[in-house]
Structures are given as structure tokens and as C-alpha cells.
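See below for the structure under consideration.
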Amino acid sequence: MTAAQFREHGRAVVDWVADYWERVESLPVLSTVAPGAVRAQLPPSPPEFGEPFAGLLDDMDRIIVPGLTHWQHPGFFAYYPTGASGPAALADLLISGLGVQGMIWQTGPACTELEQHVLDWLAGLIGLPERFTFAGSGGGVVQDAASSAMLVTLLAALHRASGGRVARDGIDSGRYVVYTSTEANCAFEKIARITGLGSSAVRFIDTRADLSMDPKALRAAMEQDVACGRTPVLVMATVGTTSTGAVDPVQLIGPVCREYGVWLHVDAAYAGVAAICPELRWIHAGVAEFADSYATNPHKWLLTALDFDACYVADRGALTGALSVLPEYLRNSASESGAVVDYRDWQVPVGRRFRALKLWAVIRWYGAVGLREHIRHSVALAQQFAAWVGADDRFEVLAPHPLSLICFRLRGGDEANRALLDAVNATGRVFLSHTEVRGAFALRLAVGGTATRQEHVAAAWTLLSEWADIVAAPR
């Protein structure tokens, strides 16, 4: 593809994306295709000769778009949003066009130093302490997702707890244990398997009435493990759980971790970016004093587009000690000087994209004020929805909702609530997901999409209200 052809087709792609954003509201949020329908429309073998690029855009409309669940639809309220935005999309084009492989400083000095600088910016915006920045003993690194942040911080914690022996000799079966709440991200157990600890090393701690981790139960579990000769390695506290948005009391969990010499990782994948608003910074109570590592996902609620997890450590030496392997072909004078960061030592893969451009573009386009407006807008819409639910005797709110996620249900049995969820999702106008709260089937409405406005939240409530009587009626 020549530069002239790239210009021609590049303009067509930008137009296509802009047109998609303008028309996405007219599409059904949840794809209606049957399993296998997309593959059935694709040729059984690849083309022998190249094809015009315009044909690909035609197939985007004909095959791909009907087979999508539209995460950028303003009626998408399921799971958590993915924050696509114009500046992030354009930055992704720059990333692909530059094709930088930033594994070490030498292979992309600007790639490395912009990442350091932008993550220091973000740390300041959300109120993280200096020790999580490159001005202190730690620093930030872009991971693809919160799961990867869990993995690398657990490896760092094992490195510290074993004095480096795990990195050399591997895991002693049954020796090390880790802790998180019963409401935490399901990826934590997967990470325990990947590291070799195994699922049996994970202690799921009971929660308090507000669904946050119970520090007393955590202490009791640690006491029991120590008495049995096991070594507590890491506790993962959550700021904004996947299921209900619960906020663990880091300020109470931290002292327990410190008493037992345990690494404290704070998973704030969904909610952490909310701390860009001073009035919401309470969610980070205890982080500055006690956390060893911290991660949040700007690709969820901060308009940055997949994939972008901001992972911070207070002691970068523990992380690089766990992950650094130096072959001869990567040796260079800059790395050996100790004056630069080689991010390949901060993650599992060696290769890495120039992801920092996305957050740089987003922060520069919106500014801190614009980003705060986006967060506050989402929270206000969610609180309005909660007020509507709370004022209707047919419904009940099931969990605290200080941010932009509401867990609720129709009073009555689980069957009626499943029917209600299926009915509103089948309209194509909205998409809600579900969870279980204290054993009860619950509907989840998460606000935060780039294009979501009050009329879309109001439309969701109208649909729920209209269908409530229908699904609850005797049959």
C-alpha cells in the first residue's frame, strides 16, 4: 500500500468510524445473529491475490456490524463501559502507523519516557502518592488489563517474600497463600493458577454488610495460615468490585498486611479513575499509606479505549527483580548505565506497543476539567436512576451505589427478574447484565459510556418500568 493509497483508504476508514458512531444508536445494542452466522458468511479459504480495500469496508457493514454487540451504543449499560473516544482512536492510528516496539529504552526512547511521564500525570490526577511515581521509589507501567497487573504484582510479591528464591527455584507447593474478598475479580484465581500457586492457595475472605472485605475475617485467615506454617504473600483489595462496585476498606486492611509483612495490591480497575474528582477521592483512603501496588483501567471509564491498564508499584526493584531476564542481544550501554527504564522488565511479554500515546491524547484533548465532567456526569445519571428505582415499590436497590453502578431487582422471585432482563435486552434499545447479590439474582446498570446521556438512562428506566408488570403478571 503506497502512501497515496494509505491516504485515500485512511480517510475512508476515518469516515466509516465517524459514521458508525453517528448511527450506532439506531442499531440493536445486543447482536441478534445466531452462533456460526458470521463464519458462514466468510470465504472458506483466504484470497490467492490481493483485493481492493473498499471491499473490506463493505464487509464491515455486511458481515461484521450485524455480528457485534455495540459497546459504544448509548444504551449499553452492561458489565462496565469501554471508553472509546475520538482522541484515543486517532492515537491508536498513530500507534499502528509508527509501529514502535518499545521493549527497552533504546528501541523507543520516546515510547518509554512518554509512558513514564503520562503515568506520573495520571498518578497526580487521581491522588496517588509520590512513591508510585518515578520521582519516588516506584513508577507506573501500562499493562493490557487489570489481570496482567495482578499477575506481575503477585510475581513481585512472591519475589519479595521468598528473598528471590521463587524466581530461581519456583513455587513450593502449599507454602504460599494469597487473599482477596469473595466479591473480587474472578481473574485473581486464574492468576494464582498461572503463577503455579494453584487455586488452593487462594483464600476468599467474607464480606461485611456493604459487600466490602471484612478486615477481621482477613486477620483470622492469616492467623490460621501462619499457625499451619504457611506464608501469607499478597492481599488484593478492590476499589469498585466487578459485581457490585463495592469498595474494600484499604485503611483497615493495610495495617493487617503490614503486621504480617504481606504485599497489598489494590485493584481499582473500574473505579480508580473516579478519584480524578476531589469529592470522590475518598475511594483511595489508605492507598497512600499502605498499598504496595495499585492498578486502574482508563480504558473503562476514562475514554481511553482498549487496551490500557495503568499499573503502579511502590518498589520497582521488586518488580524488575522478579521479571528481568537479560540475554546478550538486548544488552546496551543505556540499560547498563541504570539511567533508563526498560519496560520489558515490568511485564510478561518482551514486546510492547506505544500505548501511552492514547492516554496522552485523551488527557490533552479533554483536560482534567473535561475528564472530571465525564465522571461526574456518569455518577449523576446513575444516582438519578437509583432514585427512580428507590421510589418505585415494585423494585429494590440491593447494594450501596456511590459511583456509577446500580444493582437492583424487581421484588419477587429470580425467575421474574431473569424474564425482565431478557425482555428489556430483547428490545435492542438497551443492554443490561446481571449478577448475584447475597444469593439473589440482580440486574446491573453501569453508566459511563462516551455517548450516554440522561435520555438514554431515562429510556432504560421506562423500559424496565413497562416490562415489570408484564413479567410479574400471573400466567
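Ala227 versus (1) closer than 30 Å to His299 by Cβ; (2) at pLDDT 95 or above; (3) among the aliphatic types (A, V, I, L, M): which is the lone unmet condition?
The one condition Ala227 does not meet is (1).
How about the stretch 129-153: which of its residues are hydrophobic (A, V, I, L, M, F, W, C), buried (at least 24 other Cβ atoms within 10 Å of the Cβ), in contact with a strand residue (DSSP E or B) (Cβ under 6 Å, 6 or more places away or on another chain) and not in a helix (DSSP H, G or I)?
Passing the criteria: only Val141.
Within the stretch 214-252, can you find the residues that are of a type in the set (A, V, I, L, M) and either touching a Cys at 6+ places or on another chain (Cβ under 7 Å) or over 21 Å from Val273 (Cβ atoms) (or both)?
Ala217, Leu218, Ala220, Ala221, Met222, Val226, Ala227, Val233, Leu234, Val235, Leu252
Please determine whether any residue of the stretch 165-178 is outside any loop (DSSP other than H, G, I, E, B), touching a residue at least 24 places away in the same chain (Cβ under 8 Å), among the aromatic types (Phe, Trp, Tyr) and farther than 19 Å from Asp267 by Cα.
For the stretch 165-178, residues outside any loop (DSSP other than H, G, I, E, B), touching a residue at least 24 places away in the same chain (Cβ under 8 Å), among the aromatic types (Phe, Trp, Tyr) and farther than 19 Å from Asp267 by Cα: present.
Tell me the residue from Ile126, Ile171 that is aliphatic (A, V, I, L, M) and at pLDDT 95 or above, please. Even if it seems obvious, please write down each step before you answer.
Values: Ile171 fails: at pLDDT 95 or above.
On inspection, the qualifying residue turns out to be Ile126.
Would you check which residues across the stretch 333-359 are surrounded by fewer than 23 Cβ atoms within 10 Å (Cβ to Cβ), farther than 18 Å from Ala167 by Cα and among the aliphatic types (A, V, I, L, M) and list them?
Ala334, Ala339, Val340, Val341
With Leu119, Leu90, Leu114 as the choices, which residue is surrounded by fewer than 17 Cβ atoms within 10 Å (Cβ to Cβ), assigned to a helix (DSSP H, G or I) and not hydroxyl-bearing (Ser, Thr, Tyr)? Show your work before the answer.
On the way: Leu119 fails: surrounded by fewer than 17 Cβ atoms within 10 Å (Cβ to Cβ); Leu114 fails: surrounded by fewer than 17 Cβ atoms within 10 Å (Cβ to Cβ).
None of the others qualify; the one that does is Leu90.
Applying the selection to the stretch 162-183, what residues are of a type in the set (S, T, N, Q), over 21 Å from Thr244 (Cα atoms) and open to solvent by less than 30 Å² (accessible area, probe 1.4 Å)?
Scanning the stretch 162-183 gives a single hit, Ser162.
Report, by residue number, each residue of the stretch 435-457 that is under 21 Å from His70 (Cα atoms), surrounded by fewer than 20 Cβ atoms within 10 Å (Cβ to Cβ) and free of Cβ contacts under 8 Å to residues at least 60 places away in the same chain.
Selection gives Glu455 alone.
Considering only residues that are in contact with a helix residue (DSSP H, G or I) (Cβ under 8 Å, 6 or more places away or on another chain), in a helix (DSSP H, G or I) and in contact (Cβ under 8 Å) with a residue 60 or more places away in the chain, which ones fall in the stretch 290-308?
Filtering the stretch 290-308 for residues in contact with a helix residue (DSSP H, G or I) (Cβ under 8 Å, 6 or more places away or on another chain) gives 290-298, 300-308.
Those left that are additionally in a helix (DSSP H, G or I): 290, 298, 300-301.
Residues satisfying the conditions are Pro298, Lys300, Trp301.
In the stretch 184-279, which strands (runs of 3 or more DSSP E) lie fully inside it and hold 3 or more residues that are open to solvent by 10 Å² or more (accessible area, probe 1.4 Å) and touching a residue at least 12 places away in the same chain (Cβ under 8 Å)?
Those strands (runs of 3 or more DSSP E) span 202-205.
Conditions first: (1) open to solvent by 70 Å² or more (accessible area, probe 1.4 Å); (2) at pLDDT 95 or above; (3) in a loop (DSSP other than H, G, I, E, B); (4) under 29 Å from Val447 (Cα atoms). His73 passes all but one, so which condition is the exception?
So the condition that His73 fails would be (1).
Every residue in the stretch 59-92 that is farther than 21 Å from Pro28 by Cβ and without any contact (Cβ under 8 Å) to a residue 40 or more places away in the chain, please.
None - no residue of the stretch 59-92 is farther than 21 Å from Pro28 by Cβ and without any contact (Cβ under 8 Å) to a residue 40 or more places away in the chain, so the list stays empty.
Ala156: open to solvent by less than 10 Å² (accessible area, probe 1.4 Å), farther than 18 Å from Val348 by Cα and assigned to a helix (DSSP H, G or I), yes or no?
Numbers: open to solvent by less than 10 Å² (accessible area, probe 1.4 Å): yes; farther than 18 Å from Val348 by Cα: no; assigned to a helix (DSSP H, G or I): yes.
No: the conditions fail for Ala156.
Can you name every residue in the stretch 100-111 that is open to solvent by 60 Å² or more (accessible area, probe 1.4 Å) and not in a helix (DSSP H, G or I)?
First, the residues of the stretch 100-111 that are open to solvent by 60 Å² or more (accessible area, probe 1.4 Å): 101, 105-106, 110.
Within the stretch 100-111, Gln101 is the sole residue that qualifies.
Find the residue count for the stretch 360-394, including only residues that are closer than 29 Å to Gly412 by Cβ and either among the basic types (Lys, Arg) or surrounded by fewer than 17 Cβ atoms within 10 Å (Cβ to Cβ) (or both).
8
Just checking, how many residues over the stretch 1-60 are part of a loop (DSSP other than H, G, I, E, B) and out of contact with any Gly (no Cβ under 6 Å at 6 or more places or on another chain)?
20
Against the definition (of a type in the set (A, V, I, L, M, F, W, C) and in contact with a Pro (Cβ under 9 Å, 6 or more places away or on another chain)), how does Ala451 come out, yes or no? Break it down stepwise before answering.
Details: of a type in the set (A, V, I, L, M, F, W, C): yes; in contact with a Pro (Cβ under 9 Å, 6 or more places away or on another chain): yes.
Spelling it out, Ala451 is indeed of a type in the set (A, V, I, L, M, F, W, C) and in contact with a Pro (Cβ under 9 Å, 6 or more places away or on another chain).
Evaluate the stretch 413-429: report whether one residue or more is open to solvent by 50 Å² or more (accessible area, probe 1.4 Å), modelled with pLDDT under 95, over 21 Å from Thr69 (Cα atoms) and small (Gly, Ala, Ser).
So far as the stretch 413-429 goes, no, none of its residues is open to solvent by 50 Å² or more (accessible area, probe 1.4 Å), modelled with pLDDT under 95, over 21 Å from Thr69 (Cα atoms) and small (Gly, Ala, Ser).
Given the conditions (1) small (Gly, Ala, Ser); (2) surrounded by 24 or more Cβ atoms within 10 Å (Cβ to Cβ); (3) touching an Asp or Glu at 6+ places or on another chain (Cβ under 9 Å), report the number of the one that Ala291 does not fulfil.
The number of the failed condition is (3).
The values are calculated or read from the model by the stated rules, or taken from the named source; none is laboratory data. Keep in mind the model is a prediction, meaning the values are calculated, not measured. Methodologically, a virtual Cβ is constructed for each residue, glycine included, from the backbone with ideal geometry; neighbour enumeration extends over all protein chains shown. SASA here: full protein model, heavy atoms, side chains in, ligands and nucleic acids out. Shrake-Rupley method; radii C 1.70, N 1.55, O 1.52, S 1.80 Å.
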